[in-house]
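See below for the structure under consideration.
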Amino acid sequence: MSVRKALPWVLLAALAGFVAWKLHTSHFDWAGFGRSLRTADWRMLLAALLVIYVNYVLRAVRWAVFLRRTPSTARWWQLVGSQFVGFTGLSLFGRIGELIRPLLVARRTGLSFASQIAVVAVERVFDLGAFGLLFGLNLAVSPGLDSLPFHERFHQVGYVIAGLTLIVAAFVVSVRVAGGVMARLMSGFVGIVSKNAGASVAEKVHAFREGLDVIAGWGDFASVAGISIVLWATIAVSYVLVMKAFPAPVSHLTVAHTLLLMGFSVVGSLVQLPGVGGGAQAMTIAALTLLFGIPQELAVSSGLMLWLITTMGVIPVGLVYAKVEGISLEALARRSEEAEEAVIG
């Protein structure tokens, strides 16, 4: 096994050892932890899981909009399985599973893998914008955060995030309308410092403009933006349902509090490890205990359940889809890694 492949497992073992040591030295109340799980409202948790499944359906609908300019006749319901299987691969294998979705969609539609990589890139831009808008506005204007320490700082950071999101949105629209002009402007600006860097920026702007060609027109642009906002709103609803499933004080967290918690979780999820997702659990539990004052045992149980539902809950349905379609997730993960190396090459 290469060092690069072994490193995630080394980090996972180190993380598991650190968590075990912290729980031992902090006199973690396992009885309280079990009690909080037993008293959770499993109907609420089931509802949260179903809402997350709606999220994957919405992703299929959005992907179908991206395909309107292509010769493909695939409908959104034919892409649902690709979303479930793809996110299952991401949950199980970490970063190397990211390209499973475009591989599956390319195979189902007969389109090139490279064209579906472009869809993933544009999809991420809209995800970033939708999340940034919801998270930033919540921080900026929600009075529900005024009871928290540093609430004035939260409001200031919210205005900054919302402003940056609008700037990114304006940039995307500008590149869509006049990619060549934007490339020349940015090349000239960066070229003041370095001509090579200016040329590189111009090349990237042109590449991004080509990627935006997956959107057929302004009607589809609005559709993708609207679906993206609804998509992230469903994730927020799932978070709220999980929090409401647990006893007080977790159930007393407001929608504004839960949106803030979602932000911490998303930031933590940027660190991906196979089978465990990443730092989302740690960031969520830390926010629950340090920011909201939730008792440690209740914070751990609700934080882990949140991760299980929003990140790992896709796995049972994804495995069923893979079995029905005769798909080997392990083989797809290897192919996605090889395809990524080929694209980079």
Problem set entry | Which numbered condition Val105 misses (of (1) over 16 Å from Ala331 (Cβ atoms); (2) touching a residue at least 60 places away in the same chain (Cβ under 8 Å); (3) touching a helix residue (DSSP H, G or I) at 6+ places or on another chain (Cβ under 6 Å)) | (2)
Problem set entry | Odd one out for Met312 among (1) closer than 22 Å to Leu231 by Cα; (2) modelled with pLDDT of 80 or more; (3) surrounded by fewer than 22 Cβ atoms within 10 Å (Cβ to Cβ); (4) in contact with a Gly (Cβ under 7 Å, 6 or more places away or on another chain) | (4)
For this session: Count, please, the residues in the range 150-201 that happen to be under 27 Å from the mean Cα position of the chain (by Cα) and not in a helix (DSSP H, G or I).
Result: 1
For this session: Kindly indicate the residue of the range 85-117 that is assigned to a helix (DSSP H, G or I), open to solvent by 30 Å² or more (accessible area, probe 1.4 Å) and under 29 Å from Ala169 (Cβ atoms) and also modelled with the lowest pLDDT among those meeting that condition.
Result: Arg95
Exercise. Between a first residue in the range 173-196 that is under 14 Å from Ala207 (Cα atoms) and a second residue that is of a type in the set (Phe, Trp, Tyr) and surrounded by 12 or more Cβ atoms within 10 Å (Cβ to Cβ), which pairs have beta carbons less than 8 Å apart while being 6 or more apart in sequence or on different chains?
Worked result: Val175/Phe208; Arg176/Phe221; Gly179/Phe208; Met182/Phe171
Problem set entry | Complete set of residues in the range 141-192 that are open to solvent by 100 Å² or more (accessible area, probe 1.4 Å) and charged (D, E, K, R) | Glu152, Arg153, Arg184
Exercise. Given the residues Ala40, Ala64, which is the only one that is open to solvent by less than 40 Å² (accessible area, probe 1.4 Å), under 17 Å from Leu306 (Cβ atoms) and among the small types (Gly, Ala, Ser)?
Worked result: Ala40
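If you scan the range 202-229, which residues turn out to be outside any helix (DSSP H, G or I) and either farther than 30 Å from Trp76 by Cβ or open to solvent by less than 30 Å² (accessible area, probe 1.4 Å) (or both)?
First, pick out the residues of the range 202-229 that are outside any helix (DSSP H, G or I): 215-217.
Across the range 202-229, the qualifying residues are Ile215, Gly217.
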Exercise. Which of the residues that make up the range 58-85 are free of Cβ contacts under 8 Å to residues at least 40 places away in the same chain and within 16 Å of the chain's Cα centre (by Cα)?
Worked result: Ala60, Gln83
Exercise. Within the range 108-143, how many residues turn out to be under 18 Å from Ser265 (Cβ atoms) and in contact with a His (Cβ under 8 Å, 6 or more places away or on another chain)?
Worked result: 1
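The values are calculated or read from the model by the stated rules, or taken from the named source; none is laboratory data. Computed from a prediction, not measured in an experiment: that's the story for all the values here. Note that we place each Cβ from the backbone using ideal geometry, even for glycine, and neighbour counts take in every protein chain shown. Only protein heavy atoms, including side chains, enter the accessible area calculation; ligands, DNA and RNA are left aside. Shrake-Rupley method; radii C 1.70, N 1.55, O 1.52, S 1.80 Å.
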